[in-house]
Amino acid sequence: MKLVSVAGPPSSGKTSVILKLIDSLNIDKSSIGVVKFDCLTSFDKQSYQEAGIPAQVGFSGKICPDHYYVSNIEDAVQWGIRSGFELLITESAGLCNRCSPYINGVSSVCVIDNLSGINTPRKIGPMLRFADIVVITKGDIVSQAEREVFAFNVKQVNSSGKVIFVNGITGQGTFLLVKYLEQAREISTLKDLKLRFTTPAAVCSYCTGETRIGEKYQMGMLKKLEFKSL
């Protein structure tokens, strides 16, 4: 089974891109599965089901989305293999822009939209920097100059990734995305493979449910800001 990881900021158009990608693939939809990793709620499963695509959705809740993803990705792969899928696509939203849901040897796609601001690519960390392919959406709403500046800033952050403009409504641009993803390798397990970058780290009192504010309630791994006198 081939595995593709798709990530990106919330509402950047990941689900729309995936649906248009699947429409462009020469594979029966019943042979493609999607696993959506989200935090609190998601309505994407309904979109996939209406399109005839088997999908599973998991919510991390109070757990770091990256940690939740890493803890469940092998189970997702085994679910896909048991289901007889030719292709499994995982979708996750990087809410803090520090997420790193990419695995060495697994094709990775970062979806980012043109409306988020021209400097947004410089504010996103491993989720954009280590992607094999960067898909830019909503380019039809901005000017050509804005598209070029945005793409330039993307290349400044990720110089080795392929940059593609995709229209999530019409599907324009997905043909090229399909061509790049044809190189995705087949896998049977992710055991012993490594993430491309470390996940966000924190083991502190607030991780275990503390809600009170003040130094006496703060324990474990902390990072403090130093305020200097003006």
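Tabulated data for the structure shown
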{"quantity": "Residue that is within 14 Å of Y102 (Cα to Cα) and of a type outside the set (A, V, I, L, M, F, W, C), where the choices are G161, G173, G168", "calculated": "G161"}
{"quantity": "Among residues of segment 56-105, those that are farther than 14 Å from E186 by Cα, under 12 Å from the mean Cα position of the chain (by Cα) and of a type in the set (A, V, I, L, M), counted", "calculated": "2"}
{"quantity": "Single residue of segment 151-167 satisfying the filter (farther than 19 Å from N119 by Cβ and among the aliphatic types (A, V, I, L, M)) that is surrounded by the fewest Cβ atoms within 10 Å (Cβ to Cβ)", "calculated": "I164"}
{"quantity": "Leading residue by the ranking (nearest to T170 (Cα to Cα)) among those in segment 17-56 that are free of Cβ contacts under 8 Å to residues at least 24 places away in the same chain and in a helix (DSSP H, G or I)", "calculated": "E50"}
{"quantity": "In segment 207-230, residue farthest from V70 (Cα to Cα) [restricted to those that are hydroxyl-bearing (S, T, Y) and free of Cβ contacts under 8 Å to residues at least 12 places away in the same chain]", "calculated": "S229"}
{"quantity": "Boolean, L3 is assigned to a helix (DSSP H, G or I) and closer than 21 Å to L177 by Cβ", "calculated": "no"}
{"quantity": "T120 being crowded, with 16+ Cβ neighbours inside 10 Å, of a type outside the set (G, A, S) and either over 19 Å from K14 (Cα atoms) or more than 14 Å from the chain's Cα centre (by Cα) (or both)", "calculated": "yes"}
{"quantity": "Checklist (1) touching a strand residue (DSSP E or B) at 6+ places or on another chain (Cβ under 9 Å); (2) surrounded by fewer than 19 Cβ atoms within 10 Å (Cβ to Cβ); (3) β-branched (V, I, T) applied to T170, failing item", "calculated": "(1)"}
{"quantity": "Matching residues in segment 130-157 - criterion: being within 13 Å of T120 (Cα to Cα), in contact with a Leu (Cβ under 9 Å, 6 or more places away or on another chain) and either charged (D, E, K, R) or touching a residue at least 40 places away in the same chain (Cβ under 8 Å) (or both)", "calculated": "V154"}
{"quantity": "Within segment 131-150, considering residues that are of a type in the set (A, V, I, L, M) and touching a helix residue (DSSP H, G or I) at 6+ places or on another chain (Cβ under 9 Å), the one surrounded by the most Cβ atoms within 10 Å (Cβ to Cβ)", "calculated": "V135"}
{"quantity": "Among residues of segment 98-114, those that are charged (D, E, K, R) and crowded, with 21+ Cβ neighbours inside 10 Å, counted", "calculated": "1"}
{"quantity": "Unmet requirement for S11, which otherwise passes all of (1) crowded, with 23+ Cβ neighbours inside 10 Å; (2) at pLDDT below 90", "calculated": "(1)"}
{"quantity": "Qualifying residues in segment 190-230 (those that are within 20 Å of the chain's Cα centre (by Cα) and among the β-branched types (V, I, T)) - the one surrounded by the fewest Cβ atoms within 10 Å (Cβ to Cβ)", "calculated": "T198"}
{"quantity": "Criterion (farther than 25 Å from G173 by Cβ and surrounded by 21 or more Cβ atoms within 10 Å (Cβ to Cβ)) met by exactly one of G80, G84, G94", "calculated": "G80"}
{"quantity": "Residues located in segment 64-77, provided they are in a helix (DSSP H, G or I) and either touching a residue at least 24 places away in the same chain (Cβ under 8 Å) or crowded, with 17+ Cβ neighbours inside 10 Å (or both)", "calculated": "P65, D66, H67, Y68, Y69, V70, N72, I73, E74, A76, V77"}
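The values are calculated or read from the model by the stated rules, or taken from the named source; none is laboratory data. Note that the coordinates shown come from a computational prediction; the quantities given were computed from them, not determined experimentally. Cβ coordinates were reconstructed from backbone atoms using ideal geometry, including for glycine residues, and neighbour counts include every protein chain displayed.
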